[in-house]
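Asks: Can you keep this structure in mind? I'll have questions shortly.
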Amino acid sequence: MRRHELTDAQWERIAPLMPQGRRQPSRLGDRNFVNAVIWIAKTGAPWRDLPERFGPWKTVFNRFSKWAAAKRWDAIFKELALNEDETGSLIDGSVVRAHQDSCGGEGGTKKTR
């Protein structure tokens, strides 16, 4: 398993939610497609930067858009959500640096005489 991809246990939980009876099955498979979407979501990269192992970025994007319109992602997110007894958290690692002149002076607006 690679970084930013579903574990086997996660895939087993959502595999029954995959669409059945398509006219033309996905060449690389549903799991690869879901992994591509996870890769985009976790890295924040543009669709055009999707690694080639996931297939053509435009094909993945179009399929993602169709699934979003059909609300298919809602069921997947609900299935993979943490249980009530599990713990989840978000941490923002951004850093905001202040300019060197921003410390040590009196605050407020300057009065002109």
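Asks: Provide the net charge surrounding ILE76, with neighbours chosen by a C-beta distance below 11 Å and charges set as Lys +1, Arg +1, Asp -1, Glu -1.
Replies: Around ILE76, the surrounding residues sum to +1.
Asks: Rounded, prolate or oblate, given the Cα gyration tensor of the range 1-78, with a/c below 1.5 counting as rounded?
Replies: rounded
Asks: Just to verify a number: what accessible area does LYS71 come out at with the full protein assembly present, 1.4 Å probe, Å² rounded to tens?
Replies: Taking all protein chains as shown, LYS71 has close to 130 Å².
Asks: While we're on this one: Enumerate the calculated ³J(HN,Hα) couplings along the range 64-81 in order (Karplus 6.51 cos²θ - 1.76 cosθ + 1.60, θ = phi - 60°), each rounded to whole Hz, writing x wherever the residue is Gly or Pro.
Replies: Values per residue, Gly and Pro as x: 4, 4, 5, 5, 5, 5, 7, 6, 5, 5, 4, 5, 5, 5, 5, 5, 8, 5 Hz.
Asks: Right, next: Run the quick spin-label model on MET18 and ALA81: label points 7 Å from Cα toward the beta carbon, then report their separation in nm to one decimal.
Replies: According to this spin-label approximation, the distance is 2.4 nm.
Asks: To continue, here is another question. Report the full-extension gain for the segment ARG53 to SER94: residue separation times 0.36 nm, less the Cα-Cα distance, to one decimal in nm.
Replies: So the chain would gain 11.7 nm between ARG53 and SER94.
The values are calculated or read from the model by the stated rules, or taken from the named source; none is laboratory data. Nothing here was measured: the structure is a model prediction, and the numbers come from that model. Note: ideal-geometry Cβ built from the backbone for every residue, glycine included; neighbour counts use all protein chains shown. With ligands, DNA and RNA removed, areas are computed over all heavy atoms of the protein, side chains included. Shrake-Rupley method; radii C 1.70, N 1.55, O 1.52, S 1.80 Å.
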